[in-house]
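Chemist: Take this structure, written in structure tokens, and hold onto it; I'll ask about it next.
The values are calculated or read from the model by the stated rules, or taken from the named source; none is laboratory data. Note that the structure is a prediction, hence the values are computed from the model and not measured. Glycine also receives a Cβ, built like all others from the backbone with ideal geometry; neighbour counts cover every protein chain displayed.
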């Protein structure tokens, strides 16, 4: 088993990575001593796929199961209050409750947000089941739901008590879901680790085939990067953690313009990275060779590099609703070279518009 520590001053926790970890998860949860009754929040799809395994793995833990829709639909005001009402109606006296988020990033975002606000905070655990959530969404304590015009606009920073990553869950992912996660892995390689970038290029077939050795290596390297960034800037107050948003500014605008329906998060991030790289080139922050390297690895994994979109809707989302729009300018993460990015605090709307037109 690989154990990666997230060393935070007040809320340090471990990330456990191991094939077939889910079988023994109850033992590890009991050792955390965080409560005596669990509410397992999961998606309908995961529950249908793993109903038998869930019953067996949690047979020694007192629990109830709450199911929500798959994907971004779960991150809504409706499901936020649905789950909170479920907790308040079913909770019994003398029970110290906690939440287990079993699913993809949307389940983790929703469950973590509920844990942060219910009774002013209860413990929660992340058990991510998609590659995207295993390497990114489950780590770092960002929780949120979406509103109509902006993604993740209502949320908190609230750290889990532990993250349990079992790569066996990836075997039931579609190829589309798998490459969604690889999109985030590419992001990590671009912002912090050229060796990881080369690893992705050299071993793409083994990664797509879910070779255990290469998948564990990929997950571990991404987790290490995120854990270190979160340690340095837990609540994004120093500007360090902002580099994790590479590709996400445009991606979130794109997703909201499609009402979170037409494009998946991973594919939106891939296109967002291309947009950020082209903007970087426009602003003379990177060379054409760097842009081509990024395009190469994105295409290698059959991720999109462009999409038809409503110009005015995306532009409005970028400059009016995005969390990174500050004092009349947009904060963007721009690429210098593979393995190094920079945060530019004052990208003018006119430059964004010019890049959008070219894009």
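Chemist: Mind checking which strands (runs of 3 or more DSSP E) fall wholly inside region 94-171 and carry at least 3 residues that are crowded, with 24+ Cβ neighbours inside 10 Å and at positive phi?
Modeler: Answer list for region 94-171: none.
Chemist: Which of (1) farther than 20 Å from residue 109 by Cβ; (2) in contact (Cβ under 8 Å) with a residue 60 or more places away in the chain; (3) crowded, with 17+ Cβ neighbours inside 10 Å is the odd one out, the single condition residue 37 does not satisfy?
Modeler: (3)
Chemist: Picking from 64, 73, which residue would you name as being closer than 22 Å to residue 116 by Cβ and not in a helix (DSSP H, G or I)?
Modeler: On inspection, the qualifying residue turns out to be 64.
Chemist: Does residue 296 count as within 14 Å of residue 183 (Cα to Cα) and loosely packed, with under 15 Cβ neighbours inside 10 Å? Give the derivation first.
Modeler: Numbers: within 14 Å of residue 183 (Cα to Cα): yes; loosely packed, with under 15 Cβ neighbours inside 10 Å: yes.
Yes; evaluated as a whole, the condition is true for this residue.
Chemist: A follow-up question, please. Which condition does residue 285 not pass, out of (1) touching a strand residue (DSSP E or B) at 6+ places or on another chain (Cβ under 9 Å); (2) assigned to a loop (DSSP other than H, G, I, E, B); (3) within 19 Å of residue 148 (Cβ to Cβ), if it passes all the others?
Modeler: (3)
Chemist: When the residues of region 304-329 are narrowed to those that are more than 16 Å from residue 151 (Cα to Cα) and part of a strand (DSSP E or B), which ends up modelled with the lowest pLDDT?
Modeler: 326
Chemist: Now for a separate question. Among 210, 254, 244, 232, which is the only one that is assigned by TED's automatic domain parsing to the domain that holds residue 306, crowded, with 20+ Cβ neighbours inside 10 Å and more than 16 Å from the chain's Cα centre (by Cα)?
Modeler: Of 210, 254, 244, 232, the one residue that is assigned by TED's automatic domain parsing to the domain that holds residue 306, crowded, with 20+ Cβ neighbours inside 10 Å and more than 16 Å from the chain's Cα centre (by Cα) is 254.
Chemist: May I pose another question? Residues to consider are 73, 44; find the one that is under 30 Å from residue 255 (Cα atoms), in the same structural domain as residue 126 (by TED's automatic domain parsing), surrounded by fewer than 17 Cβ atoms within 10 Å (Cβ to Cβ) and touching a helix residue (DSSP H, G or I) at 6+ places or on another chain (Cβ under 8 Å).
Modeler: The match here is 73.
Chemist: With respect to residue 216, is the statement that it is surrounded by fewer than 24 Cβ atoms within 10 Å (Cβ to Cβ), assigned to a helix (DSSP H, G or I) and touching a residue at least 24 places away in the same chain (Cβ under 8 Å) true?
Modeler: Details: surrounded by fewer than 24 Cβ atoms within 10 Å (Cβ to Cβ): yes; assigned to a helix (DSSP H, G or I): yes; touching a residue at least 24 places away in the same chain (Cβ under 8 Å): yes.
Yes.
Chemist: Something else now. Hey, can you tell me all the residues within region 76-93 that are part of a helix (DSSP H, G or I) and in contact with a helix residue (DSSP H, G or I) (Cβ under 9 Å, 6 or more places away or on another chain)?
Modeler: Residues satisfying the conditions are 79, 80, 83, 84, 87, 88.
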